[in-house]
Amino acid sequence: MVGVDFGTLSGRAVVVRVSDGAELGSAVHEYAHRVIEHTLPGTDVRLGPDWALQSPQDWIDVMRIAVPAAIAAAGVPAGEVVGIGTDFTACTVLPTTADGTPLCFETPEQPHAWPKLWKHHAAQPHADRINELAARRGESWLPRYGGKISSEWEFAKGLQLLEEAPEVYARAERWIEAADWIIWQLTGVESRNICTVGYKGVFQDGSYPSEEYLAELNPGFAGFVGKLATGEVGDKTGDVTLAPLGGLAGRLTARAAEWTGLPEGAAVAVGNVDAHVTAAAADAVRPGQMVAIMGTSTCHIMPSDRLAEVPGMCGVVSDGIVPGLWGYEAGQSAVGDIFAWFVDNFGADGHERLTEAAEKQAVGQHGLVALDWFGGNRSVLVDHNLSGVIVGQTLATRPEDVYRALIESTAFGARMIVETFEKSGVPVEEFIVAGGLLKNRFLMQVYSDVLRRPLSVIGSDQGPALGSAVHAAVAVGEYASIEQAAAAMGKRTERAYVPDAARADAYDRLYAEYRRLHDFFGDGQMLHALRAIRNEAQA
């Protein structure tokens, strides 16, 4: 099997043995355009604050470059690869024509024609209106998203498109997640996966928000669902299917076979989200197993046999991680991004030396506490207009002090999420870590101490790509279910980190101060005002 993970800055392909999940070869392709945040490629068109776009050409290049390179590295004949699975960051969404052509290929000078990356937060005012109206009308779907829809999701970005670029909105015959768009390019068959439709597309109990509700937001938004082009689960509307995870989306076309070097007709699994497929790679598909995929951001996902309303969660979706269970999602909008920001701007010694210096300190020695809102707050406040705060700095504060406080702030944010789930009646039985930040052992120990619980860790450096291969194995029919495939191909180490009682007690005191700051600044009055002043000055 081949698993392909489309990340924020690059795409990764891994060749996996079906019998035991052994990773035989892998390759990475760095996106030429990376994250488009300031100026549109090849133009002098500047973007506004909180914009983040990507290029579809970069995604195609992953298929053309990384997949053949991974097969070559594995030393496996391409003809022996029977299936391919993919995953994507989400919500990364783009407007296309009815045949799937991205509008940015036609009008590259128009910002709204480009795919909006998950970390595009410029639709926060639109999300605020969506939430206010839904709460006032008592919309039944709102509690399934913790009481607030994020500015990252499909509807907020779609409303922004309508109101800021109505001509692009009119041309957009499809508004489609990149996770589904790439499957369309590989198979020639348009589909929508149940994961992104549920978490990012506000699809609950068989339907989207009503046309009446959408019209009250904006009369021109009434027909928005038509751009999503989905039917009922398992049924077809034209050539579009709302597809189950682990299902067969179609077969590789001749064009896609030429891109990848794989045989035409190879099975292609239903698209999925990077975080959600990682659960299978860690064999963490049972109730109460929370997987934190820690990279530029952190996504927390967990299957459960209980349905509850968890304040500030990103969503709960039936069959959203594995069929037959409720799938919960929460997250932190910036984690690794925070550490990278600090090192790029203030940490001349780099991550390794800052970590070494920070690790020598006793808990609380720096006298600082920080809020991990440098990319806004995804959970549990769901407000991307919030911003980071560092309290306690003096003339004696050193870079390693701030660096450690920032690491601790993200651990405190994770504890807030875990506690909110458990207070809502959804127990977290095991906390499992995946993602690039696993490489920092000090950071992992901080999380264990702050959470006051052992950490399990995934047994792969390519969790999402491996998880996509696991799903492909189910789609091909090698395994009867995601659970069976995960048991055979997934891997994790239990209790890889255990908390130190003395440090955990000390962190309880710091966490109490984090909670005070969280509650004080969480109303947004000061941070929203500062952001508004910044935006006006930049304009």
In this structure, the FRET efficiency calculated for Ile60 and Glu80 from their beta-carbon separation, with R0 = 35 Å, to the nearest 0.05, is 0.90
For region 313-408 the trypsin sites (Lys or Arg not before Pro) that pass both the DSSP coil test and the at-most-16 other-Cβ-within-10 Å test are Lys360
Carbon and sulfur atoms account, in whole percent of the 1.4 Å probe accessible area of region 13-92, for 50 percent
With R₀ set to 35 angstrom, the calculated FRET efficiency between the beta-carbons of Leu307 and Ala215, to the nearest 0.05, is 0.75
With a ≥ b ≥ c from the Cα gyration tensor eigenvalues, square-rooted, and the rule rounded for a/c under 1.5, otherwise prolate when a/b > b/c and oblate otherwise, region 234-323 is prolate
Averaged per residue, the 1.4 Å probe accessible area of region 152-307, protein heavy atoms only, in Å², is roughly 30 Å²
Region 386-516 accessible area per residue, 1.4 Å probe, protein heavy atoms, integer Å², reads 39 Å²
Relative contact order of region 285-402 (C-alpha contacts under 8 Å, at least 6 apart) in percent is 21 percent
With DSSP loop assignment and no more than 13 other C-beta atoms within 10 Å, the trypsin sites (Lys or Arg not before Pro) in region 162-203 are none
Residue-normalised 222 nm signal for the chain, counting each DSSP H run of n ≥ 4 as -39,500 (n - 2.57), nearest 500 deg cm²/dmol, is -11000 deg cm²/dmol
Candidate cut points under GluC sites (Glu not before Pro) in region 393-493, DSSP loop plus at most 12 other Cβ atoms within 10 Å of their own Cβ, are Glu429
Checked region 94-204 against the a/c 1.5 cut and the a/b vs b/c comparison, axes a ≥ b ≥ c from its Cα gyration tensor; verdict oblate
Plugging the Cβ-Cβ distance of Glu106 and Arg137 into 1/(1 + (r/R0)^6) at R0 = 35 Å yields, to the nearest 0.05, a FRET efficiency of 0.40
In region 138-257 the accessible area split gives carbon plus sulfur, as whole percent at 1.4 Å, a share of 52 percent
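The values are calculated or read from the model by the stated rules, or taken from the named source; none is laboratory data. All values reported here derive from a predicted model rather than from experimental measurement. Because the Cβ atoms are built from the backbone with ideal geometry, glycine has one as well, and the counts that use them run over all protein chains shown. Side chains included, ligands, DNA and RNA excluded: accessible areas come from the protein's heavy atoms. Shrake-Rupley method; radii C 1.70, N 1.55, O 1.52, S 1.80 Å.
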